[in-house]
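Asker: Below is one structure. I have some questions about it.
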Amino acid sequence: MTYERWTLRTENTSYTVRLSPDGPWAELDAWGPLGVEDGPSALDWSRRTHFITPADAAPAEYLPYGLRPFAGSELVASRPDGEDRGMWWEFVGAETDEGALRLAFHDELLGLQSVLHYETVPGTDVILRWTEFTAASRELRLERLDSAAVNIPVTGAARLTYLTGQWSQEFQRTQLDLPRGTFSIGSLQGVPGHAYAPWLAVQDGESPAAYGIALAWPGNWHITAEAEPGGAVRVRAGRVPHEGAVIIAPGETLATPQLACAFSPEGLDGLSRVWHRYERHLSGERLHRPRKVLYNSWEATGFDVDAAAQLELAKTAADIGAELFVVDDGWFTGRADDTGGLGDWWPDPAAFPQGFDQFIADVRALGLDFGLWIEPEAVSPGSRLYAEHPEWVYRVEGRPGRLVRNELLLDLGRTDVQDFVIGTLDRLLGTYAISYLKWDMNRPPTERGRPGAGGLDLDAEHVAGYLRVLDHLRSAHPDVTVEGCAGGGGRIEHATIARTDVVWPSDNTAPLDRLSTQYGFLHAHAPHVMSSWVTDAPGIFDPRPRSLAFRFVNAMCGVLGVGADLRAWTPEQRTEAARWIGRYKEVRDVIHHGEARLLGTPEEPSCGVQFDAGDRTVVAALSTGRLDGAPLLPGRADRLRLRGLEPAARYRDTATGTSYGGAHLLHYGLPFAWSADHDADLVVLVRE
Ligand code: DGJ
């Protein structure tokens, strides 16, 4: 059979879509390494259907309910009166451009045009997919408006890898095998949330090839995977309408969020590098702005912020080599604890008796940049802002507003609220010498309503407001580095990553807990966006003690920061810290711009990350404390097998001078004789 087919090619992959011979829809022909489309489609099927329709069995790229009635559809559209809840569209035509494809479908009866968009991302193995809807002459109701569906042929059970958690335990890598049935993850918290990242990897059982998707949407979302009887997994992903449906007005065009689709023949590890490269692309030229070593005083002083103690910390931070000092929560009026102050973004004169300006000048005189925390979407019930604008918070008329962390949430979908936030940020950044802004958010919307504005798409409006403010920050204050945070890692996805410089994965900074969070995080996100601090925190989930070296090496796998109470550190600890920070500065370009490989897992005795750039290989190696490989008589050193090196080349350890053959490092690995006093190492190898 011949079909109309279109192939999109990235650096190493190709994605072929065809028009189905069975009906008016597009379906996947092949997706994998370059050339994978050269042969009969692995997704072809017998065309025998009992009790279902061909559309239900097809590897369809996108189908409305109506045409695909039983097996899960991406689009549910109807007239506002609920009539015609379904759609039976026709193919209109295809348009192609360099690296882009658009397939248009039209439903005459509802008057809805749907265009499936595909776009390759130069320099990456990512294909972006999204869908655009235009209503012709009447208002329509979209109950489901997914971005895309992807199809993966599976011979046995599909292996799904996803990132799960809760506050303080984000990004735990979790796996399950799905032979049949439906798997679903998502969030209704108005942010991606701590429970699941909007990211999924799918493999065919033990097969190394890995497919991945990630949704760029900082609001409500879902990813649903269905293992089908014919041996395939079909994954649908998209935003979730706030009140059950989005209304699209006549003449209006609505675009879904983008779904990034990635493939790697090298398993989850290779897939992580595809995502890292994509996020380097998202950072654009800001990737090349060195991410400074930060000191943040939150864990040292909490809400007890005053100039004298902050300056004492800043002085010590500068002494050990920090380059930036960030004052976290607690710097503004009315913020003695978490019950007040939010919304009244004025420096507390009692905390800064010589003036905030003078305080910042004193920090800067130490050679440090200055950064500030803010939670722009939040408001405390006792604040002046709330007294002046009670109508600015989300609320449902006649219902009590619940407090979460003693705060209410501003309706950032309102233009006046956005203007207030922009005005506040402009005022702070314009008045004070601030080079770094940490944007936090500590509560989800609960009573999410805007009285008198029923039927509005509040989730999308909040997202648009949030992105508008972030875009404003980028254009009006291009020199300010922005850290994205939501009570830890509650809002980390590609729309945020494209508009911030770093993100905060978790409030849990305890070493072994952090190791497991970072291990999961680095599957989906790049080292150059991963903010990570060395602190004094004991483990919340794993209280085994770890050395200062462990804490530093662990934090160096991303963007190094320090959050410990340095006032209590001994001179020896400060000297050691200065040494680690110095070493980090020598290799951070390799860590942030190189290719990263995850070595081992936190469940094994040794775990680490290998970073390669040019002729340098940096290995951050960490002992999980099991000491299985320690030199207990007659034990041997544990080994971390490196990857991607040249077998015939030689690699010299710049600290010890030991020279290794590439084949040796690939086959046996780098040795680490862990002991109770030696639980981490940073090895820098230079190719000779
Ligand atoms: C939650 C953040 O994740 C923390 O790092 C800190 O900024 C606190 N909020 C401050 O309230």
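The values are calculated or read from the model by the stated rules, or taken from the named source; none is laboratory data. What you see is a predicted model; the values in this text were computed from it and never measured. Backbone-built Cβ (ideal geometry, glycine too); neighbour counts: all protein chains shown.
Asker: For the stretch 217-241, which positions are buried (at least 22 other Cβ atoms within 10 Å of the Cβ) and in a loop (DSSP other than H, G, I, E, B)?
Answerer: Trp217, Pro218, Gly219, Asn220
Asker: All but one of (1) surrounded by fewer than 20 Cβ atoms within 10 Å (Cβ to Cβ); (2) more than 28 Å from the chain's Cα centre (by Cα); (3) under 29 Å from Ala568 (Cα atoms) hold for Asp338, so report the exception by its number.
Answerer: If we test Asp338 against (1) surrounded by fewer than 20 Cβ atoms within 10 Å (Cβ to Cβ); (2) more than 28 Å from the chain's Cα centre (by Cα); (3) under 29 Å from Ala568 (Cα atoms), just (2) comes out false.
Asker: In addition: Can you confirm whether Leu176 is in contact with a strand residue (DSSP E or B) (Cβ under 9 Å, 6 or more places away or on another chain), surrounded by 20 or more Cβ atoms within 10 Å (Cβ to Cβ) and either of a type in the set (A, V, I, L, M) or part of a strand (DSSP E or B) (or both)?
Answerer: No; evaluated as a whole, the condition is false for this residue.
For every residue, the table says whether it meets (1) more than 16 Å from the ligand (Cβ to nearest atom); (2) of a type in the set (A, V, I, L, M, F, W, C); (3) within 19 Å of the chain's Cα centre (by Cα); (4) crowded, with 20+ Cβ neighbours inside 10 Å.
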residue	(1), (2), (3), (4)
Met441	no, yes, yes, yes
Thr446	yes, no, no, no
Pro451	yes, no, no, no
Gly455	yes, no, no, no
Leu458	yes, yes, no, yes
His462	yes, no, yes, yes
Tyr466	yes, no, yes, yes
Asp471	yes, no, yes, no
Pro478	yes, no, no, no
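Quick grid of which residues meet (1) under 26 Å from Ala564 (Cα atoms); (2) in a helix (DSSP H, G or I); (3) over 33 Å from the mean Cα position of the chain (by Cα):
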position: Asp357; (1), (2), (3): yes, yes, yes
position: Gly367; (1), (2), (3): yes, no, no
position: Phe370; (1), (2), (3): yes, no, no
position: Trp373; (1), (2), (3): yes, no, no
position: Glu391; (1), (2), (3): no, yes, no
position: Val417; (1), (2), (3): no, yes, no
position: Phe420; (1), (2), (3): no, yes, no
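Asker: Consider Arg364 against the criteria (1) touching a His at 6+ places or on another chain (Cβ under 7 Å); (2) surrounded by fewer than 19 Cβ atoms within 10 Å (Cβ to Cβ): it satisfies all of them except one. Which criterion is unmet?
Answerer: Evaluating Arg364 over (1) touching a His at 6+ places or on another chain (Cβ under 7 Å); (2) surrounded by fewer than 19 Cβ atoms within 10 Å (Cβ to Cβ) leaves (1) as the failure.
Asker: Here is a list of conditions, (1) at pLDDT 95 or above; (2) more than 15 Å from the ligand (Cβ to nearest atom); (3) more than 30 Å from Ala210 (Cα to Cα), and Leu268 meets all of them except one; can you say which number that is?
Answerer: So Leu268 meets the others, but not (3).
Asker: If you go through the stretch 290-332, how many residues are within 16 Å of the ligand (Cβ to nearest atom), among the aliphatic types (A, V, I, L, M) and in contact (Cβ under 8 Å) with a residue 60 or more places away in the chain?
Answerer: Residues meeting the conditions: 5.
Asker: So, in the stretch 55-71, how many residues would count as being surrounded by fewer than 18 Cβ atoms within 10 Å (Cβ to Cβ) and either more than 33 Å from the chain's Cα centre (by Cα) or basic (Lys, Arg) (or both)?
Answerer: Residues flagged as surrounded by fewer than 18 Cβ atoms within 10 Å (Cβ to Cβ) and either more than 33 Å from the chain's Cα centre (by Cα) or basic (Lys, Arg) (or both) within the stretch 55-71 amount to 1.
Asker: Counting only residues that are within 12 Å of the ligand (Cβ to nearest atom) and of a type in the set (A, V, I, L, M), which one in the stretch 486-502 is farthest from Leu259 (Cα to Cα)?
Answerer: Ala486
Asker: When only residues in the stretch 86-109 that are modelled with pLDDT under 95 and surrounded by 16 or more Cβ atoms within 10 Å (Cβ to Cβ) count, which is nearest to Ser14 (Cα to Cα)?
Answerer: Only one residue tops the list, namely Met87.
Asker: Name the single residue, out of those in the stretch 427-439 being farther than 29 Å from Pro505 by Cβ and not polar (S, T, N, Q), that is nearest to the ligand (Cβ to nearest atom).
Answerer: Out of the qualifying residues, it is Arg427.
Asker: Moving on to the next point. With (1) within 16 Å of the ligand (Cβ to nearest atom); (2) under 30 Å from Ala135 (Cβ atoms) as the list, and Gln258 as the residue in question, which single condition is left unmet?
Answerer: (1)
Asker: Select, from Glu83, Glu74, the only residue that is on the phi < 0 side of the Ramachandran plot and surrounded by fewer than 18 Cβ atoms within 10 Å (Cβ to Cβ).
Answerer: Result: Glu83 is the single residue among Glu83, Glu74 that is on the phi < 0 side of the Ramachandran plot and surrounded by fewer than 18 Cβ atoms within 10 Å (Cβ to Cβ).
Asker: Take the residues in the stretch 114-127 that are of a type in the set (A, V, I, L, M) and surrounded by fewer than 22 Cβ atoms within 10 Å (Cβ to Cβ); name whichever of them is nearest to Ala60 (Cα to Cα).
Answerer: Filtering the stretch 114-127 for residues that are of a type in the set (A, V, I, L, M) and surrounded by fewer than 22 Cβ atoms within 10 Å (Cβ to Cβ), the one nearest to Ala60 (Cα to Cα) comes out as Val115.
Here's the yes/no breakdown for (1) within 16 Å of the ligand (Cβ to nearest atom); (2) surrounded by 14 or more Cβ atoms within 10 Å (Cβ to Cβ); (3) acidic (Asp, Glu):
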residue: Leu368; (1), (2), (3): no, yes, no
residue: Gly371; (1), (2), (3): yes, yes, no
residue: Glu377; (1), (2), (3): yes, yes, yes
residue: Pro381; (1), (2), (3): no, yes, no
residue: Leu385; (1), (2), (3): no, yes, no
residue: Arg395; (1), (2), (3): no, yes, no
residue: Arg399; (1), (2), (3): no, no, no
residue: Val404; (1), (2), (3): yes, yes, no
residue: Gly413; (1), (2), (3): no, yes, no
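Asker: Could you tell me which residue of the stretch 180-208 is farthest from Ala232 (Cα to Cα), considering only residues that are surrounded by fewer than 20 Cβ atoms within 10 Å (Cβ to Cβ) and in contact with a Gly (Cβ under 7 Å, 6 or more places away or on another chain)?
Answerer: That would be Ala195.
Asker: Answer yes or no as to whether Trp345 is touching a helix residue (DSSP H, G or I) at 6+ places or on another chain (Cβ under 9 Å), assigned to a loop (DSSP other than H, G, I, E, B) and within 15 Å of the ligand (Cβ to nearest atom).
Answerer: Taking the combined requirement at face value, the residue satisfies it.
Asker: Which of the residues belonging to the stretch 595-627 are surrounded by 21 or more Cβ atoms within 10 Å (Cβ to Cβ) and basic (Lys, Arg)?
Answerer: Arg597 - this is the single residue of the stretch 595-627 that is surrounded by 21 or more Cβ atoms within 10 Å (Cβ to Cβ) and basic (Lys, Arg).
Asker: Could you go through the stretch 535-548 and let me know if any residue there is surrounded by 24 or more Cβ atoms within 10 Å (Cβ to Cβ), within 16 Å of the ligand (Cβ to nearest atom), in contact (Cβ under 8 Å) with a residue 12 or more places away in the chain and not hydroxyl-bearing (Ser, Thr, Tyr).
Answerer: Taking every residue of the stretch 535-548 in turn, none turns out to be surrounded by 24 or more Cβ atoms within 10 Å (Cβ to Cβ), within 16 Å of the ligand (Cβ to nearest atom), in contact (Cβ under 8 Å) with a residue 12 or more places away in the chain and not hydroxyl-bearing (Ser, Thr, Tyr).
Asker: Working carefully through the options Ala649, Ala676, Ala630, Ala680, find the one that is surrounded by 14 or more Cβ atoms within 10 Å (Cβ to Cβ), over 25 Å from the mean Cα position of the chain (by Cα) and modelled with pLDDT under 95.
Answerer: Among Ala649, Ala676, Ala630, Ala680, only Ala630 is surrounded by 14 or more Cβ atoms within 10 Å (Cβ to Cβ), over 25 Å from the mean Cα position of the chain (by Cα) and modelled with pLDDT under 95.
Asker: Could you look through the stretch 652-673, keep only residues that are part of a strand (DSSP E or B) and without any contact (Cβ under 8 Å) to a residue 60 or more places away in the chain, and pick out the one that is surrounded by the most Cβ atoms within 10 Å (Cβ to Cβ)?
Answerer: Leu670
Asker: Now a separate question. In the stretch 511-530, how many residues are over 12 Å from the mean Cα position of the chain (by Cα), within 15 Å of the ligand (Cβ to nearest atom) and crowded, with 24+ Cβ neighbours inside 10 Å?
Answerer: 2
Asker: Quick check, is Arg579 without any contact (Cβ under 8 Å) to a residue 40 or more places away in the chain and surrounded by fewer than 16 Cβ atoms within 10 Å (Cβ to Cβ)?
Answerer: Spelling it out, Arg579 is indeed without any contact (Cβ under 8 Å) to a residue 40 or more places away in the chain and surrounded by fewer than 16 Cβ atoms within 10 Å (Cβ to Cβ).
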